Each structure stands twice: as structure tokens, then as C-alpha cells.
Amino acid sequence: MDKCKNEMDGYAPAEVEKKWQDFWEQDGTFCVREDDDRPKYYVLDMFPYPSGAGLHIGHPEGYTASDILTRYRIADGYNVLHPMGWDAFGLPAEQHALQTGTHPAINTAQNVDRFRAQIRRLGFAIDWSREINTTDPEYYRWTQWIFLQLFKHGLAYVDERPVWWCPELRSVLANEEVVNGRSERGDHPVERRPLRQWVLRITNYAEKLLKQLENLDWPDSTKRQQKAWIGRSEGAEIDFAVEGHREKIRVYTTRVDTIFGISYLVLAPEHPLVSQLTTVACSEEVARYKKMTAAKGDLERTDLAKGKTGVSTGACALHPLTGKRIPIWIADYVLPTYGTGAIMAVPAHDERDYEFAQKFNLPVIEVVRPKHETVEKKLPFCEFGVLCNSEEFDGLDSIPAKAAILQCLREKNMGRAAVNYKLRDWLFSRQRYWGEPVPIVWVDKRDYEKISQAKASPFQEFLPKTPIFFEENGVRSFAVPLHSSHLPLLLPEVPDYHPSDGGESPLAHATKWLHISLNVMSGQVKADDGEALGDDWVRGRRETNTMPQWAGSCWYHLRYLSPHCDSAPVDPKAERYWQNPDFYIGGAEHAVLHLLYARFWHQFLFEIGVVSTPEPYPRLFHQGIILGEDGNKMSKSRGNVVNPDTIVGRYGADTLRLYEMFLGPLEAVKPWDSRGIEGVVRFLRRVWQWFEGCRLAGKFTEKNDCDEVVERLLHESIQKVRNDIENLQLNTAISQLMILLNHMQSQEKIPLQMGRTFLQLLAPFAPHIAEELWQRCGGTASIVRTPFPKADGEKLLQKTAVVVLQVNGRLRGEIHIPMDLAERDVLRLARCHPAVEAHLADREIVREIYVANRLVNFVVR
RNA sequence: GCCCGGGUGGCGAAAUGGUAGACGCAGAGGACUUAAAAUCCUCUGACCGUAGGUCGUGUGGGUUCGAGUCCCACCCUGGGUACCA
């Protein structure tokens, strides 16, 4: 039936769209290269994970928006790069492999093919010759290379640490992948397990990542989230002597001004000094509490509703300023990973300490009072105020008091200013198969010395100043980086995709790959078959961890610039030309992780001279989520999923593009409405019928004279569409096109030139229909490169203005006046307006307000 | 709890402090048609009415000649974050 409709009115999107997609592809319309004659513009979409479910209705939202910007910039004379690729490592492919036994690469390739076909059907202006795939060895070769650079510069290290282990997924998860004690993917329960892990020193970059946020044109909420995630705080470290011990306890506090209010210290149960300090009498309790804490997950531990727990160590510290004895406790509300893992507790001015003090009957000493008497006195009082009970500091305000007390501590060498961050180092290894292998080999101490002393050894290329090693059963293993000629280090074939019994990645099953011999001098690497080796040879075991999915997306914006470059991650010439994406669009769910990790890597690559800019994404935009018709998030279980293929099949890609943009503001969360789509279906059909009608009936005129009102509307529309595209207000741009069409349709005759301009305005939004009608109206080449219309300032000038008349702010009428008529004359005309006159009768005019060419307001009494 | 967004017709939404509801959906009436579909035209915030008026942007205050827009307090809702000392 739908087909029948289309035949009747002549508009057959399926044919038109196929025709132009083929044309663009054969013509290479969107293939770009560096061109110094035109300004460059780089548009980047967050590349998709090619899931087995195929394209989601949310994908075309961001892609259409960026495509509109792309096509607009091309028409406006820019050399525009708009690439696409696949973030194809990841868990679902691995789980599929576990279930079916087929190599994840096979499944991934199928998914990629499907995604590519689906995306192509939407007619995006993408340079497909630059397509990248993070699982392509030629791609991950450079991911590994960047890792080795980080390693060389001391930014990668190994650490045995309790990590999130998901028994269901049989994998380690990063903190960020655990939400409320469950895995972000799959929502399975997780637990703590100590495992040897690779960690990247992102904390070295905390300050830079924080500072440089300021200059980025990003949504404020995203900047705020990153800022909060980095979590910088300024405070002081204070050292407390402990009675009967030489060791001191160092605490971190942001409230030195409350130092006279300390009533006890708290160490995290994991604090290294706990065992030493605990008195014999308390040791049993302390041991029990430590054990209990260890068994708790972080979720349980950080559950605020649980109430405070803790035990005394029996030991006492001495107050650095008063010498008073202060009991030392341990409690799990103090985290080992933040600050120094120890705090000074001031119950009067900290909610957590207050709760703890109440429970264990510890003293509450008030040392800060509200500045204004009017503030209700209630403890704990956690704001700044005026000091009391603080000896010579009494009467000082909190802020100057902090400085004064800190100075005093510094003089006694008992404290100093300190800055702390919430940001933790980045846990960079996964015990999985489907990820980039870490290009490291473990050797014993003697062999490592051999390598580090052989200055000509290829293994020196990425050798760090400080060796990286780990100890197991008293034996140390040292990390040797592969040479760049060994890259890519390919994923080996494995007989089984499950982790090994020791919790090691499935790569541990690839025994031939795993155990190797290295020639220190030649750099040769071969399987270790057990035969005797010469002097230049050492034996090693490969690292079996793989990298997390974030790795590939940390630098993909660079690979697009020279996707086939085989001498560097990015060709320096291409990098200098394209620099950063001028526009980056993707979901707000990546506000912290991807965007922070990518900034970290890019900053690092800047420092080692690979790129010329410190920040990767100067301008960022988040498209909102499209909900199901019921207002809920689309999901299979709710049965409210809208499939883009269905929509394209029924109405065509132009309609889907236009409708997704017309739904509402791009950044807003908004529900899909299957009835609402009729509006844009009709609009496009009217566009077609009107153009074809005019063309066939000879209503297009060659002369450029036409109704002044319509002509002005055209120029207003040009201006509005331009502005709206640049500000990503695409819904209102489409409204404007509808308004313009409505007016043009009512004309008897219309200049062909005007019709063509309309098509140019429409082209970024609905490119296929625009191309087809452009051609039918005599356009000789593709509409893509025809210069985007510019509004004529003179045509925008109005000769008359509509002035609104108000009495006491209420609308009473309107008058049409010649533009810029003198105020006196406007007011006279206004007073004569019958409706206004009626409301002015018997009243005294107190004030007359005139907003030029817009409004008159009489204030009467 | 804390930090951000957002509350406008039956629905999606527009509105540099200056005519609230553009544009579209849905609805009503009409035209065309043997009929239906499609298309086109008119109406469509609420209330009272003949004209015309009154009320209306989550609630209550405030600033202003004038507030959806600015300020204060509160309610609801979406998101982020969570013992970070």
C-alpha cells in the first residue's frame, strides 16, 4: 500500500536514495585529503560498538546532526573530514565466543558489515576510505605502541591489588564498570579479589586535566562531572606522635581550623601502622574488625545507612598543639585509598565524626561558631565560622585561621599544606581474550639485567628508567617491553575462551605463544621449545592480560587522519593539517570515562611530540536519548524498541533523518512518536509534489521578481537555517523550512532560483530528495558542493513594523507603522487606537514606554 | 544527603525581559470522490460571552511599566555522585 502511495505521487524514496548513495560512493564525493586552499573542518562522531543487535534508533540521532553540520560546512566552502569506524573490542563478542566457540573476530566482522550497511542506507557524508576498526591488527599495533610509550615514560606499572571480580563474567572490572555493587554490563554481582594488574598513572595528570577543562567548549554539566571526578581538594597533612612509638600518624584534613576540636584519630582498618600500634588488650578486637572489613565489599562498606562501626586500638596520639592525649581508633568509614588513610576526627564539625562520637561516647568539642547569631546553633556545625576554644586563635574566621594554624604547624614541622585528588590511577588490564594483548614479556632478574645492560639491544627501545617488576612466591619477574618491530603483537589462537584456573586471561591457554625465547642482541623472538640457547638468548613468559575497551577509543580521532600510515599512529603532516575535531558529538554517558581517558592519552601524546595540541576535543556536544513511545528507555523487555531499518523501509532515510531532528532539541531526552512522523512524511511529499508540479506546469519563472514578502521570508530563512545549524538547533531550522514551503506553495508563479535556494537549505537535512529535485530542476552537478546560500541584508530590511499596544501591560491592540517612525508620532497613533482610547478614558497617563518598532505601554492610574 | 538539568495546550515543542503556544501531531467541521485513501481549506489553551473580556508557562512570594524568561522559598521529575576527611 505504501508503495502504491508513492507511485501515485511520484515520490519513491527507496529509488531516489539508492541512486544518490551510489552516486556519492562512485563519485567519491566525501573523500577528502589535505587541501591548503580551503579551511579545514573535522566532524567526529563517537564511533559505535558494533553490537549483534544492529543499529539502534539512537545512533542516527547524533550521526544525522553531525552529518547536517558536515554537509552545511562543505557547501559553505570548508574542506570537511567526517569519518566513521568501529570500537569493536569488548565483552559481548567475547561472550558470544564463549557460547559458540567461534572466534570473536568472525562475529565482529559480521556485525561490522551489518552496521556499515545500515549506516550507509542513511546517506551520511562519510569518507569511507578512512574507516577504522580497533580490532584490526594494523590499528591495535599503534594502541600497543602508545602503551609502550606510556610504559617507557614510567606511566604504566603493575600492582597486586584488590580488584572487582565478576564471577559471572569471569573477569576483572574497573571501578567505573561497577555500579552499585553490580557489573555495569549484564548487571551481575561482583566481589573483591587481589590480582596482579596493569595500572596507568593518570593521577600524574590530575592537575592538567582539571586546569585545561576551563578552556574547553563543552556542556557545563560534563565539565562539572569531570571536575568532581578528579575531585581536587586543598588542605593539610598533619603528623601525630604516638605515645610509646617512634612512628607518626599522618592525617589529611581540609579543616585545619578545627584542630582544637579533635577528640580522636581514626585509621582505616587497612592502614599499615594498625598492627604495630594496637595494644595487647585490644589486639583481638582489632584483628576481628580488620577481618570483618576485608570481607565486606565496598558497597556494604560505603552504605551510609548502615551506621558507623569501629574499634579502639588502645593506643594514644598526642595533639600537635596542645599535647593532649587522643585515642586512636580504626573504623571502616575511613578509606585506605584516599588522603593518608587516616583522619583527625572533629565530631563538633563533621557529620561522620559526630555520628561516630555519639555512638561510642567520645567527646564533642565545639571550636567553631556560626558567624551570625541568627544561625540556629546545632551540632555538628560543618560550615566556616569564628573560632572558639582554640587558644590564641580564638576569634579568627575559619579561612584566616586555617592559614595561621598551618603556619604554626609548619614552624613545628608537624604539618604542611597538601592537595588531594579523588581521581585514582587507571586499572588498565583485563583478564579477557578479546582485547589488545599487552606487548610485555616477563623475565627473571638476571635476564633483565642482561637486557638493561645491553645498550644496543632492541629491547631497550621502550625500557623505563625504573624497572617494573612483581613478586610471587618470593621470585621477582621483570617486565620487558617488546620492540616496535614486534608490533602488532597479534592475539594468539586459543583452544578455550575461558579464563585460566588461576584467574588469568584466556591467553594463558596459548602455550606456544606464551613461552618464548628472546635474542637480546638481535631482538628475535621465537617459541620456547625447550632446547638449549646461546648466550644472547633469554627465556620469558608473555603478559597474558589484555587492554580494556577504552584503549582503542583513546586515540581513534587521530587514526582517522592517516588511517593507513605505517610509520606512526598518525602522520605528522596530516596531524598538523587536521589537528583536533572541530566538533565532537556523542552520548553523555561518556562524560567521565572515555572523555577523561582520551584527554589523558592525548595530553601524553602531546608531551612526547606525537600531536601538536594538548586537548583532543575542543568542542563537545551530547545528543539526548530517544525514549520509547511509552516514555521509558527503549528495551527489548519493554517491547518499545523502534528499529531504524523499519522506518527507513517504510518512509525512507530522509524522513528518518528529518524526523529525528524534528523531535525536539538535540540535547533533550525525548520520546519517539510514531504518529508524529507523519508530519515530516507529509512535508517531504509536499516538497516533492510542489517542485514536480511547478516544473511540469511551468510555474517556475526565470525572472527573479516575486512577492516581496516571500522574498524576505526566504532570506530570513537562510539566516535562520545557517544560525540554527551552527548552534545545533536543528528542530527549529526544520520548522523554518516548513514555514517557507507553506508560503512558497501559495504563490502562483515563483522564480526557479528561489526553489533552488530552498533545496540548498534542505539538502543538509534531507540530502537525497534535495539532490534528485536539484537535478530535475536543471542542476548540472551534485548539490553537495553548490555554495550554501547567503542572506542578503537588504532583502531582510522591513519597511513597516508591527507595534504592540499595551495599557498597564495588557495587550489592547496593534498598529502598523513605517519603520523607525519618530517616537512622538508612534505614541500619538497609539493613543488614537480605539481599543487603547477606551482604556485610557478617565485615566491619568503616568508613564509612556516605547520600545522602538515593537511596543508601546501606557501606565495609567 | 550533595551537585546539575527540566516542569509551557490532549501530545512533541517555539519564544534577545516586550503579542505565550511558532512549527508539527492528534481532534472537529468542510471541499474533492460513487466510496475510501491521499490531498486541500477552516477551527482548535481554559472560562464567560453578542461585541468583548477574565484566567493561564509546577506552587507561593519578590523585582519591573512589563516575567515562561531575573531573584527568594518550596513541590515534583530526570541525571550525576555518594562516608573523599
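The values are calculated or read from the model by the stated rules, or taken from the named source; none is laboratory data. Just so you know, these numbers come straight off a predicted model, no measurement behind them. Cβ sites come from the backbone with ideal geometry, for glycine too, and all protein chains shown count toward neighbours. Protein only, heavy atoms only, side chains kept; ligands, DNA and RNA dropped before computing areas. Shrake-Rupley method; radii C 1.70, N 1.55, O 1.52, S 1.80 Å.
Out of the residues in the range A:7-24 meeting the condition of being part of a helix (DSSP H, G or I) and within 16 Å of RNA strand B (Cβ to nearest atom), tell me which one is modelled with the highest pLDDT. Taking the candidates together, the pick is A:13.
Cβ separations smaller than 7 Å between residues 6+ apart or across chains give the following pairs from the range A:734-747 residues that are touching a residue at least 60 places away in the same chain (Cβ under 8 Å) and more than 17 Å from residue A:699 (Cβ to Cβ) to residues that are part of a helix (DSSP H, G or I) and more than 6 Å from RNA strand B (Cβ to nearest atom): A:734/A:658; A:734/A:661; A:734/A:662. Per the listing A:366, A:392, the residue uniquely away from RNA strand B (no atom under 15 Å from the Cβ), surrounded by 13 or more Cβ atoms within 10 Å (Cβ to Cβ) and among the acidic types (Asp, Glu) is A:366.
Taking the options A:268, A:287, name whichever one is closer than 25 Å to residue A:191 by Cα, among the small types (Gly, Ala, Ser) and within 7 Å of RNA strand B (Cβ to nearest atom).
Numbers: A:287 fails: within 7 Å of RNA strand B (Cβ to nearest atom).
Criteria check complete, one pass: A:268.
Only one of the numbered conditions (1) within 12 Å of RNA strand B (Cβ to nearest atom); (2) open to solvent by 100 Å² or more (accessible area, probe 1.4 Å); (3) on the phi > 0 side of the Ramachandran plot is violated by residue A:811, and that is (3).
Taking the range A:785-861 and the strands (runs of 3 or more DSSP E) fully enclosed by it, the elements with 1 or more residues that are hydroxyl-bearing (Ser, Thr, Tyr) and out of contact with any Phe, Trp or Tyr (no Cβ under 7 Å at 6 or more places or on another chain) are at A:800-807, A:845-851. The set of residues in the range A:706-725 that are under 25 Å from residue A:668 (Cβ atoms) and without any contact (Cβ under 8 Å) to a residue 60 or more places away in the chain comprises A:717, A:720, A:721, A:723, A:724. Condition (residue is farther than 20 Å from residue A:594 by Cα, assigned to a loop (DSSP other than H, G, I, E, B) and at pLDDT below 95) applied to the range A:56-64: is it met by at least one residue? For the range A:56-64, residues farther than 20 Å from residue A:594 by Cα, assigned to a loop (DSSP other than H, G, I, E, B) and at pLDDT below 95: present.
Is it the case that the range A:746-755 has a residue that's away from RNA strand B (no atom under 16 Å from the Cβ), assigned to a loop (DSSP other than H, G, I, E, B), open to solvent by 20 Å² or more (accessible area, probe 1.4 Å) and hydroxyl-bearing (Ser, Thr, Tyr)? Scanning the range A:746-755, I find no residue that is away from RNA strand B (no atom under 16 Å from the Cβ), assigned to a loop (DSSP other than H, G, I, E, B), open to solvent by 20 Å² or more (accessible area, probe 1.4 Å) and hydroxyl-bearing (Ser, Thr, Tyr), so the answer is no. Scanning the range A:302-323 for residues that are of a type outside the set (S, T, N, Q), closer than 27 Å to residue A:421 by Cβ and within 12 Å of RNA strand B (Cβ to nearest atom) yields A:303, A:304, A:306, A:308, A:310. Evaluating residue A:408 against the criteria (1) away from RNA strand B (no atom under 15 Å from the Cβ); (2) under 30 Å from residue A:275 (Cβ atoms) leaves one unmet condition, (2).
Reported count of residues in the range A:613-626, each being within 14 Å of RNA strand B (Cβ to nearest atom), crowded, with 18+ Cβ neighbours inside 10 Å and among the aliphatic types (A, V, I, L, M), is 1.
Restricting the range A:56-73 to residues that are among the aliphatic types (A, V, I, L, M) and surrounded by 23 or more Cβ atoms within 10 Å (Cβ to Cβ) leaves a set whose member that is farthest from residue A:664 (Cα to Cα) is A:69.
One line per residue, one yes/no per condition, for (1) more than 9 Å from RNA strand B (Cβ to nearest atom); (2) touching a residue at least 40 places away in the same chain (Cβ under 8 Å):
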residue	(1), (2)
A:642	yes, yes
A:689	no, yes
A:693	yes, no
A:700	yes, yes
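Restricting the first member to the range A:840-861 and to residues that are within 11 Å of residue A:809 (Cβ to Cβ), and the second to residues that are within 11 Å of RNA strand B (Cβ to nearest atom) and among the aromatic types (Phe, Trp, Tyr), the beta-carbon pairs closer than 9 Å and six or more apart or on different chains are A:849/A:858; A:857/A:850. Scanning the range A:797-810 for residues that are modelled with pLDDT under 90 and of a type in the set (A, V, I, L, M) yields one hit, A:797. Say we look at the range A:324-363 and pick out the residues that are within 12 Å of residue A:310 (Cα to Cα), open to solvent by less than 40 Å² (accessible area, probe 1.4 Å) and of a type in the set (D, E, K, R); which of these is farthest from RNA strand B (Cβ to nearest atom)? So the residue we want is A:353. Checked against (1) part of a helix (DSSP H, G or I); (2) over 20 Å from residue A:550 (Cα atoms), residue A:125 meets all criteria but (1). Among the residues making up the range A:588-612, those that are closer than 16 Å to residue A:147 by Cβ and not in a loop (DSSP other than H, G, I, E, B) are A:597, A:598, A:600, A:601, A:602, A:603, A:604, A:605, A:607.
Could you say which residue among A:592, A:610 is within 12 Å of RNA strand B (Cβ to nearest atom) and surrounded by fewer than 22 Cβ atoms within 10 Å (Cβ to Cβ)? Step through it out loud before you land on a result.
Numbers: A:610 fails: within 12 Å of RNA strand B (Cβ to nearest atom).
Matching residue, one of A:592, A:610: A:592.
So which pairs qualify, if the first residue must be in the range A:513-528 and within 25 Å of residue A:495 (Cβ to Cβ), the second must be in a loop (DSSP other than H, G, I, E, B) and among the hydrophobic types (A, V, I, L, M, F, W, C), the Cβ gap must be under 8 Å, and the two must be at least 6 apart or on different chains? Close Cβ pairs (under 8 Å, with a partner that is in a loop (DSSP other than H, G, I, E, B) and among the hydrophobic types (A, V, I, L, M, F, W, C)) amount to A:517/A:533; A:525/A:482.
When you check residue A:665 against the structure, is it near RNA strand B (Cβ under 9 Å from one of its atoms), at pLDDT 95 or above and not hydrophobic (A, V, I, L, M, F, W, C), yes or no? Walk me through it before giving the result.
Working: near RNA strand B (Cβ under 9 Å from one of its atoms): yes; at pLDDT 95 or above: yes; not hydrophobic (A, V, I, L, M, F, W, C): yes.
So residue A:665 fits the description; yes.
Look through the range A:268-292, keep the residues that are of a type in the set (S, T, N, Q) and within 13 Å of residue A:329 (Cβ to Cβ), and return whichever of them is surrounded by the most Cβ atoms within 10 Å (Cβ to Cβ). Outline the logic, then answer.
Let us first name the residues in the range A:268-292 that are of a type in the set (S, T, N, Q), namely A:275-276, A:278-279, A:283.
The next check asks that each one be within 13 Å of residue A:329 (Cβ to Cβ); those that pass are A:278-279.
Details: A:278: 23, A:279: 14.
Result: A:278.
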